[in-house]
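Beneath this line is the structure, given in structure tokens, with notes to follow.
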Amino acid sequence: MSSDIAISLQGVSKTYHLFDSPAQRLMHLLFGLRRGQQAAFHAVADVSFEVRRGETLGIIGRNGAGKSTLLQMICGTLTPSAGQIQVNGRIAALLELGAGFSPDFTGRENVYMSAAIHGLGRAEIDARLDDILAFAEIGEFIDQPVKTYSSGMFVRLAFAVIAHLDADILVIDEALAVGDVYFTQKCIRFLRQFAERNTLLFVSHDTNSVVNLCQRALWLEKGRTRLFGEARVVSDAYLGSFYENRLGADEPEPRADEAVESEKEEVRNEFGLGGGRIERCELLGEDGQPLRLLDRAQPVRLKVRCVARDSIEAPILGFFVKDRLSQALCGENTLKWLPGWQRMAAGETCELAFDFWLPHLATGEYTVSVALGAGTQQQHVQHHWIHDVLAFKAQADVSLTGLFELERFACRLAEPAAE
């Protein structure tokens, strides 16, 4: 394996045999007999990819897609049924809540045990203990049995340990879904710093986090690679598939020999049931011309024309303005602004305009995504969703801090408080 490759998988599979009874399972374990055996279950099937040193890979997929099984094989806690896995460097993982912790041991004892399992000696752990405890922020509970911990406290301590192991490769499996927002942000800051010099595998259902943290992404479906490539492209395709499955739309099964590199395959940027379509979109600046460069805050108008192929009850038209990482900066829809828009007849065309104030954004590229749906804010279907239908650039002063410039901002010395 090349020295610049941190992780390499070639044709990796994990198969579990299903049996009609415990006796049949025992016979298989003792003698390899498979009489009466049911069909095998392929948790992971023929997965191949490489992750370079200093690269961050996001892994996405629905529950049961094989993500956790794949990570356990990479970390060495599961043996693949077929294929080869090579890991170049020290690997640390946070896989499932409480994994590797003894419930009857105190938090402090579990710190020493977990760090020792990862190869640290007693003196090394002693030197890092204060930093681990400061990161975890669980106070006096460190000397209580971890079976008394909340799920958030578990994650705090477990993450604090792996953050101080000097690992070359870090594997995070949905751990940040548990805990408060302050600790989550603390972990994200650490992961950003770690990813600047080391390799990170990050599993999450939150595609925004994947796009934000990762250069590339792997989409697993039923144990197979559905798509592998640039994080934003893969995440957008996954989001489209997720909506289509929820809506009951037919989706072809991936073939075993299907090309999976997104760089070699055209990925759709739109999806939906097709009961209506968005035919035209324009973003106009305050001069009434298409907005190409935003160099100051100004009123803008987003014009959208849509047509109903079928009759649509309770139509909804909405939009998002997103940054280059596909994070939504703002968005709105017609629900509370057009309560009288109750129906689109088959063949009817509607033109709508959203008027809003666009702040002076930080220098960069931005896109607009639009969607035509039906229903309510809580329960709705998507007839036509288009990712990144429009794009524009923003040019801001170099002193701008954050995502946008504050409007009507003032700063003054406050009057001293009266005694």
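No value in this document is a laboratory result; all are computed from the given coordinates. Small disclaimer: the values here were computed from a predicted structure and weren't measured. No Cβ is skipped: glycine too gets one built from the backbone with ideal geometry, and neighbour counts run over all protein chains shown.
Listed values, structure above:
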| read-out | value |
| --- | --- |
| Percentage relative contact order, the chain, counting C-alpha pairs under 8 Å, at least six apart | 13 percent |
| Between 0 and 90°, nearest 10: helix 151-162 axis offset from the chain longest Cα axis | 70 degrees |
| Per-pair calculated FRET efficiency, R0 = 22 Å: ARG296 and ALA353 via Cβ, rounded to 0.05 | 0.55 |
| Scattering curve values for the chain, log₁₀ I(q)/I(0), Debye with Cα scatterers, q = 0.15 Å⁻¹ | -1.35 |
| Whole-Hz couplings from phi, Karplus 6.51/-1.76/1.60, listed for segment 321-328; x for Gly and Pro | 9, 10, 8, 5, 8, 6, 7, 6 |
| Using θ = phi - 60° and Karplus 6.51 cos²θ - 1.76 cosθ + 1.60, couplings along segment 133-143 (whole Hz; Gly, Pro as x) | 5, 5, 5, 5, 6, 10, x, 5, 5, 4, 9 |
| Additional length obtainable on full extension of the chain from ARG324 to GLN84, 0.36 nm per residue less Cα span | 82.8 nm |
| Added length on full extension, which subtracts the Cα-Cα distance from 0.36 nm per residue, ARG305 to THR15 | 99.4 nm |
| Sites matching trypsin sites (Lys or Arg not before Pro) across segment 344-419 that sit in DSSP coil, with at most 16 neighbouring C-beta atoms within 10 Å | ARG408, ARG412 |
| Principal axis dimensions, largest first and in whole angstrom, of segment 62-217 by Cα | 42, 32, 31 |
| Value of Rg/Rh across segment 281-419 [Cα atoms, Kirkwood radius] | 1.10 |
| LEU26 versus ARG62: modelled label distance in nm, points set 7 Å from Cα along the beta carbon direction | 3.8 nm |
| Efficiency of FRET from Cβ geometry, HIS205 and GLU279, R₀ 41 Å, rounded to 0.05 | 0.80 |
| Radius, Kirkwood style, for segment 103-160 when every pair of distinct Cα atoms is counted (Å) | 11.3 Å |
| Mean-position separation - Cα centroids, segment 272-298 and segment 45-88, in angstrom | 41 Å |
| Relative contact order of segment 270-394, defined on C-alpha pairs under 8 angstrom at six or more residues apart (%) | 35 percent |
| Folded to 0 to 90 degrees: helix 107-117 orientation relative to the chain principal axis, Cα | 70 degrees |
